[in-house]
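Data block below; observations after.
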Amino acid sequence: MGEVLSQNEIDDLLNALNTGELDVEEYKHNASAKHVKEYDFARPSKFAKEHLRTLEIIFEHYARLVSTALPAYMRTSCQVEVINSEAVSFSEFSNALSNPILLGIMDLYPLKGNVLMDFSVKIGFSIIDRLLGGKGETLDKERDFSEIELAIIEKIMAICVDLLVEPWENVVSLEPRLEKIETNSQFAQVISPTEIIALLTLNLRIGNVEGLINICIPYTCIEPIIDKLNTKFWFSSMTESNEEVYRDIIEKRIAQAQIPVKAILGKSIITVNDFINLQVGDIIKLDKKITEDIEVKVGDLEKFTAKAGLFEKKNAVQIVSIIRKEE
C-alpha cells in the first residue's frame, strides 16, 4: 500500500505542478523506476522479526519455568528474564567467547542439529558454591572447572534442558537431551561459522549474583517448523489455561523444596569454662519452664509455638499455634 498524503501535501503538489517546479515526465520516470535494496549474501536474513518475537514468547515461558524450578535446588531465590533476541552468524557469537566457558550442547529431537546453551562462568561458580553449602558467591578471578564441579553444573544444566519441553509444545513435541558440556571454545565448533543463528539472551539472578544465559538456535535446526513460528499460528494453537492444573503443579514443586525447621527449647548463658567441661548428664538451666510454649522457626523466621514432648519414644514438638505475622 502506497503512502497516504495529507490534504496540505496534495495542495503543495498541485501548486508545484502548476508553477512548473515539478516536471511531470521526470516524476513519472522516478515513480516507475525500480528501487533496489541491498542484500548481503554473506549474511542472509533468514529470521524475520516475527520469528524472533515468537521465540521470545517461547523463552519468556521458559524463563518462568526455570525461575520456579531452580529455587528447589538452589535453596534461594532465582529470577530469569529474556533481555534480547537477534539473528547473527555463529562466527560472531563464537568469536565473542573467552575461555573458560560453560557451553552445553543439546539435542532437541526430532529437530536436527545441535542447539547451544551458554552459561555465564560467574553463574557457574555461584551454582557450585550454593550447592556445596556456601552462600552462592562467585569468584573474583576466573579459573578452569574441576571434574567434580562440571558434574554438579551438568546436573543443573540438564534440569534446565528438560524444562524446554513445555514452552515448545504448541510448536513441536520435543525430547531434549544434554549431550555434553564444553569448557573450551575451540572444541565447541558444532555449527558452521557462516550459519545464521537465533541468539536468545536471558538474565539469571541467583541471590545477589547475576549472569547471562545465551541460547543459540541454528536456522537449519528449526527450518522444518519455521512456518509455525508466527503469532497467528502461536495464538491459534494455544489452549485455554486451566488454573487448577497450574495450581497443582506449583503445589507439587513447592512441596519438593527442603527447608530447615528448628525448635528452640530455651536459652541460657554459661561461661566458656563450664562449656568446655560439660559432661553427659550435666544439667543446663534454661530461661523457660517445661510447661511454657517454645518457639519453632522455619529457616530464620518464627512461625509456630509448640509443646515439647515424646512421640513413639522420640523427641517431638506439638504445634499449639501459628504465628501469622512475620516478625
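Couple of notes before you dig in:
- Annotation: extensible slack from residue 195 through residue 86 equals 37.9 nm (criterion: 0.36 nm per residue apart, minus Cα-Cα distance).
- Residues of the stretch 277-292 with amide N under 17 Å of a point placed 7 Å along Cα→Cβ from residue 308: 279-292
- For the stretch 49-255, the square roots of the Cα gyration tensor eigenvalues, ordered a ≥ b ≥ c, give a/c of at least 1.5 with a/b no greater than b/c, which places it in the oblate category.
- Take each peptide in 123-135, 162-174, count the other Cβ atoms within 10 Å of every residue, and average; sorted highest first, the result is 123-135, 162-174.
- Averaging the Cα positions of each part gives two centres, and for the stretch 118-148 and the stretch 264-286 these lie 40 Å apart.
- Taking the fewest neighbouring Cβ atoms within 10 Å as the starting point, the ordered list for 12, 227 is 227, 12.
- Counting charges near residue 201 (Lys, Arg +1; Asp, Glu -1) among other residues having Cβ under 11 Å from its Cβ returns a value of -4.
- Each label point was placed 7 Å from the Cα along the Cα-to-Cβ direction; for residue 283 and residue 230 their separation is 8.5 nm.
- Going from the residue with the fewest nearby Cβ atoms within 10 Å to the one with the most, 310, 17 rank 310, 17.
- Short-range pairs are left out: with C-alpha atoms under 8 Å and at least six residues apart, the relative contact order of the stretch 97-229 is 36 percent.
- Signed unit charges on C-beta, dipole axis of the stretch 123-277, positive-most listed residue 197, 156, 259: 259
- When +1 charges are put on Lys and Arg Cβ atoms and -1 charges on Asp and Glu Cβ atoms, the dipole computed for the stretch 156-219 relative to its Cα centre reaches about 180 debye.
- Members of 155/180; 135/180; 267/303 lying beyond 21 Å, as alpha-carbon distances in this model show: 135/180
FYI, it's all coordinate maths here, none of it is from the lab. If you're wondering where the values come from, they're calculated on a predicted model, not measured in any experiment. Note: ideal-geometry Cβ built from the backbone for every residue, glycine included; neighbour counts use all protein chains shown.
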